[in-house]
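A short worksheet on the structure shown next.
The values are calculated or read from the model by the stated rules, or taken from the named source; none is laboratory data. Keep in mind that what you see is a predicted model, and the values were worked out from it rather than measured. Cβ placement follows ideal geometry from the backbone for every residue including glycine, while neighbour counts extend to all protein chains displayed. Just so you know, the surface numbers come from the protein's heavy atoms only, side chains and all, with ligands and any DNA or RNA stripped out. Shrake-Rupley method; radii C 1.70, N 1.55, O 1.52, S 1.80 Å.
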Amino acid sequence: MKRVILVQRNCPTNGESKNIRKLIELQDLAKSANYKVIGDVAQTRRPDRKYQMGRGKVEELALMVKELGADGIIFSNQLSATQIYNISETCKCEVIDKFQLILEIFAKRATTKRAKLQVELAKFQYELPKAKAIVSLLKKEERPGFMGLGSYEDSYEQDLKSRISRIKKELAGVQKDSESQRLKRHEHGFSIVALAGYTSAGKSTLFNALVDEDVHVEDMLFTTLLPITRALNIRGRRVLLTDTVGFIEDLPHWLIDAFRSTLNEIFLADVILLVVDASESPDIMRQKLDTSYNTLWEQIKGVHIITVLNKIDRITENELKEQLENVGYLAPNPVAVSAKSGLGFDELKMAIYGQLPKWQRDTVSLPMSEYGMSIISWLFDEGIVHNINYKDRIIVDFEARDEIILKAGMIEKKR
Ligand SMILES: Nc1nc2c(ncn2[C@@H]2O[C@H](COP(=O)(O)OP(=O)(O)OP(=O)(O)O)[C@@H](O)[C@H]2O)c(=O)[nH]1
Ligand SMILES: [Mg+2]
């Protein structure tokens with residue numbers, strides 16, 4: 001296990017609680033990537049172009065690396081190629097930033113072709129702005145081994161660009177497939193519900209409990225990388241529930257970009273269950289909800305949102321009440337649940353039902369024949385049959401989406 005020191009430059013305008021929260025999150029990320037954290041260093045100042053922190057502080061850091069025998073340094077702040085180079089020269093060890101760390105976690109979790117492509121795309125997009133600087137640094141310093149670049153050429157940047165466009169094309173193919181599948185699902189009367197929210201909020205646990213599945217759950221960040229979908233019946237309505245990748249604060253645009261095809265599962269849903277860990281402090285919960293909204297906001301016009309306050313088995317009723325007051329405007333349609341114990345599931349299902357695209361209620365009169373019976377079984381498949389009255393004709397009182405009602409009306413006229 002690699003031993004690392006965490007470093008964070010705090011912005012002078014940030015509050016203390018934000019600084020602490022970010023450092024704790026960096027610790028969690030490092031653990032999730034299988035690093036052993038052996039120390040941390042923080043400094044409050046404006047960014048330094050060459051070293052990110054003050055040069056003196058980096059020299060202190062170099063001493064600490066030596067004394068503690070650290071294998072590497074992980075920065076909370078995004079580093080430029082020059083900064084990575086200068087810090088690793090001074091400290092004589094490997095230096096990465098939080099975003100490379102996230103990429104490492106993603107790379108570890110990626111098992112399918114699509115996930116691998118997404119991670120690769122994110123990696124290249126992360127490297128692209130650094131490419132020029134790296135090449136010129138390497139030329140100046142004659143250090144071809146730096147950042148894993150065995151040999152380099154001026155075409156490095158060009159090479160990255162062409163790889164990025166190749167992967168994008170491949171991913172677009174995958175995306176088209178999933179979009180046409182989605183259309184088909186809608187045609188078959190399914191509504192689509194997506195689980196979204198901060199990493200470790202409990203999305204996969206809730207998914208497993210609702211659809212009786214066994215998706216991987218762990219007390220780690222970014223356990224889920226690829227969406228998974230299962231059918232679920234909610235008060236007679238057929239729903240497809242999708243579990244998705246978690247959000248994190250400062251998620252850079254290139255990462256969102258790379259995971260666009262995954263995030264589309266959320267953007268194209270009929271209803272979003274925005275899951276949040278209600279057992280955390282009010283400050284952290286509000287921040288995580290805020291981050292989730294920032295990630296979703298632009299893309300989800302018209303999608304209904306249900307805020308799921310999860311893990312209530314860990315808090316008292318009073319604490320829950322406080323949490324609800326605390327997030328008020330950020331939490332439309334709040335429902336409190338425990339994905340672990342099943343508490344609140346009935347309310348959650350009611351809430352989902354209430355937000356599904358509306359179906360109409362209608363009656364049809366059908367002939368008392370085999371043909372009539374076959375239409376009834378079709379109505380059972382496609383909608384909710386509330387009542388059947390057998391007289392000289394069969395009168396069916398049912399509920400379904402518009403197309404079905406229209407078709408049923410035509411059948412009635414034709415007979
Ligand atoms: N006590 C308690 N723990 C929960 C509950 N729901 C989830 N957890 C725990 O929270 C941790 C994270 O759960 P996951 O379901 O993996 O979270 P996730 O949102 O899918 O996380 P990512 O896939 O990383 O985005 C696990 O250790 C779960 O056991 C709950 O209702 N109560
Ligand atoms: Mg998960």
Quiz item: Of the residues that sit in region 336-387 and are among the β-branched types (V, I, T) and in contact (Cβ under 8 Å) with a residue 40 or more places away in the chain, which one is surrounded by the fewest Cβ atoms within 10 Å (Cβ to Cβ)?
Solution: I384
Self-check item: Pairs with Cβ under 8 Å, 6+ apart, first in region 40-54 and closer than 17 Å to V4 by Cα and in the same structural domain as R9 (by TED's automatic domain parsing), second in a strand (DSSP E or B) and among the aliphatic types (A, V, I, L, M)
Solution: D40/I5; D40/L6; D40/V7; V41/I5; V41/L6; V41/V7; A42/V7
Exercise. Could you check region 211-305 for strands (runs of 3 or more DSSP E) lying wholly inside it with 1 or more residues that are over 20 Å from S338 (Cβ atoms) and without any contact (Cβ under 8 Å) to a residue 60 or more places away in the chain?
Key: 228-234, 237-243
Quiz item: Restricting the search to region 203-226, which residues are away from ligand 1 (no atom under 11 Å from the Cβ) and crowded, with 20+ Cβ neighbours inside 10 Å?
Solution: L210
Quiz item: Would you say R230 is charged (D, E, K, R), more than 14 Å from ligand 1 (Cβ to nearest atom) and out of contact with any Asp or Glu (no Cβ under 9 Å at 6 or more places or on another chain)?
Solution: no
Quiz item: In region 192-210, what count of residues is obtained for those that are in a helix (DSSP H, G or I), in contact with a Lys or Arg (Cβ under 9 Å, 6 or more places away or on another chain) and of a type in the set (G, A, S)?
Solution: 1
Quiz item: Got at least one residue in region 26-35 being of a type in the set (K, R), closer than 26 Å to F247 by Cα and open to solvent by less than 60 Å² (accessible area, probe 1.4 Å)?
Solution: no
Practice problem: Kindly provide the set of residues from region 379-393 that are acidic (D, E) and either modelled with pLDDT of 90 or more or within 17 Å of I411 (Cβ to Cβ) (or both), ordered by number. | Solution: D381, E382
Practice problem: Select, from N294, N333, the only residue that is away from ligand 2 (no atom under 16 Å from the Cβ), at positive phi, at pLDDT below 95 and not charged (D, E, K, R). | Solution: N333
Quiz item: Looking at region 185-198, is at least one residue within 16 Å of ligand 2 (Cβ to nearest atom), more than 30 Å from E399 (Cβ to Cβ) and at pLDDT 80 or above?
Solution: yes
Exercise. Taking only region 236-257 into account, find how many residues are among the aliphatic types (A, V, I, L, M), within 16 Å of ligand 1 (Cβ to nearest atom) and open to solvent by less than 10 Å² (accessible area, probe 1.4 Å).
Key: 4
Quiz prompt | Subset of region 281-334 [β-branched (V, I, T), open to solvent by less than 20 Å² (accessible area, probe 1.4 Å) and over 18 Å from the mean Cα position of the chain (by Cα)] | solution = V327
Quiz item: Got at least one residue in region 158-168 being away from ligand 2 (no atom under 16 Å from the Cβ), acidic (D, E) and at pLDDT 80 or above?
Solution: yes
Exercise. Consider L232 carefully, then state whether it is of a type in the set (A, V, I, L, M), more than 11 Å from ligand 2 (Cβ to nearest atom), open to solvent by less than 30 Å² (accessible area, probe 1.4 Å) and under 29 Å from G189 (Cβ atoms).
Key: yes
Self-check item: Residue match in region 41-52 (condition: buried (at least 18 other Cβ atoms within 10 Å of the Cβ), in contact with a helix residue (DSSP H, G or I) (Cβ under 7 Å, 6 or more places away or on another chain), more than 30 Å from T223 (Cα to Cα) and modelled with pLDDT of 95 or more)
Solution: yes
Quiz prompt | One residue from R260, R182, R235 being at pLDDT below 80 and assigned by TED's automatic domain parsing to the domain that holds L296 | solution = R260
